Amino acid sequence: MRLLKVQQALKAKNILFTYTEEDGCGSLDFQFRGLRYHIWEFLDDGLWGAETNIKCAGKSEDLLGDYETEISDLILTWPDMAVQG
């Protein structure tokens, strides 16, 4: 199980998500306020990163380094979902 910090942030905000894992890389897909988001991990020449549209729903970008903290910190600034679903 990967992307645990991000999963905890999503749970803290009551945002339902789908987690999958392939080739040791985690993948999260979810909706927030009608927009679809993704976080897809990758390993490229020994360097971990994540492709995500978390900063701008219409534009994907690659994050490197401590991407999990960067993503989870951003999610934690969002308002809580009142009802799961």
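The values are calculated or read from the model by the stated rules, or taken from the named source; none is laboratory data. Keep in mind it's a predicted model, so treat the numbers as computed, not measured. Ideal geometry is used to build each Cβ from the backbone, glycine not excepted, and the neighbour counts take in all protein chains shown. These accessible areas exclude ligands, DNA and RNA; they are computed on the full protein's heavy atoms, side chains included. Shrake-Rupley method; radii C 1.70, N 1.55, O 1.52, S 1.80 Å.
Kindly check whether there is at least one residue in region 30-44 that is polar (S, T, N, Q) and in contact with a helix residue (DSSP H, G or I) (Cβ under 7 Å, 6 or more places away or on another chain). No. If you take the residues of region 32-42 that are outside any loop (DSSP other than H, G, I, E, B) and modelled with pLDDT under 95, which of them is nearest to the chain's Cα centre (by Cα)? My answer is Phe32.
Contact map, region 50-68: residues that are of a type in the set (Asp, Glu) paired with residues that are part of a strand (DSSP E or B) and open to solvent by 80 Å² or more (accessible area, probe 1.4 Å), Cβ distance under 8 Å, separation 6+ or inter-chain. Pairs shown: Glu51/Trp40; Glu51/Asp62. Looking across region 43-85, the residues that are of a type in the set (Ser, Thr, Tyr) and either crowded, with 16+ Cβ neighbours inside 10 Å or not in a loop (DSSP other than H, G, I, E, B) (or both) come down to Thr52, Tyr67, Thr69, Ser72.
Apart from one condition, Ser27 fits all of (1) in contact with a His (Cβ under 6 Å, 6 or more places away or on another chain); (2) buried (at least 18 other Cβ atoms within 10 Å of the Cβ); the exception is (1).
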